[in-house]
1. How high is the FRET efficiency from S50 to H101, r the C-beta distance, R0 25 Å, rounded to 0.05?
2. Beta carbons within 10 angstrom, averaged per residue: use that to sort the peptides 111-123, 90-102, highest first.
3. Using the Karplus curve 6.51 cos²θ - 1.76 cosθ + 1.60 with θ = phi - 60°, work out ³J(HN,Hα) for each residue of segment 89-100 in order, rounded to whole Hz, and write x for Gly and Pro.
4. List the residues whose amide H sits under 5 Å from the amide H of V14, counting only those 5 or more places along or on another chain, with H placed 1.01 Å from N in the peptide plane.
Amino acid sequence: MDQTVMVPSLLRDVPLLDEKEVDSVRTAGNGPDAYFYDRDVYSYYVLLKSIRDDIEWGVFQAEDRRKDKVDITALDLSRMEKEGEGEDLEKLFHYHLSGLHTVLSKLTRKANTLTNRYKQEIGIGSWGH
């Protein structure tokens, strides 16, 4: 998404999926992809852009940039250590790592779909392949 120069206003009212893809999603029921057909490409662009800093810099660094006044992280970490003494930290780590991997994979697919759809709309669909 960053390698392609985009004009976000061109993404408004552009469906993410083609008509034939929309029909297959509608017949599939209300699975996780059922919401694709009623959103435009711009809404996905805004979603990906809004979480970009957290992905690139990490959540804690983003919070530190926003709130330089108060150091809450030290208090939260000490509280979590007391509460989590009986928990298996390795299992928790793998659980959250798996969830993070799933979310990042979905976001990557959305970014690639958004970029390809944008290229189709402006007529450069075969570039970069």
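1. Working: r = 21 Å, r/R0 = 0.82.
Rounded to the nearest 0.05, the efficiency is 0.75.
2. Descending packing order for the listed peptides: 111-123, 90-102.
3. Running phi through 6.51 cos²θ - 1.76 cosθ + 1.60 with θ = phi - 60° gives 5, 5, 5, 4, 4, 5, 4, 6, 5, 5, x, 5 Hz.
4. V41, Y42
The numbers here are math on the coordinates, done by the rules we state, and not lab data. It should be emphasised that the depicted structure is a prediction, and the values quoted were computed from it without experimental measurement. Ideal geometry is used to build each Cβ from the backbone, glycine not excepted, and the neighbour counts take in all protein chains shown.
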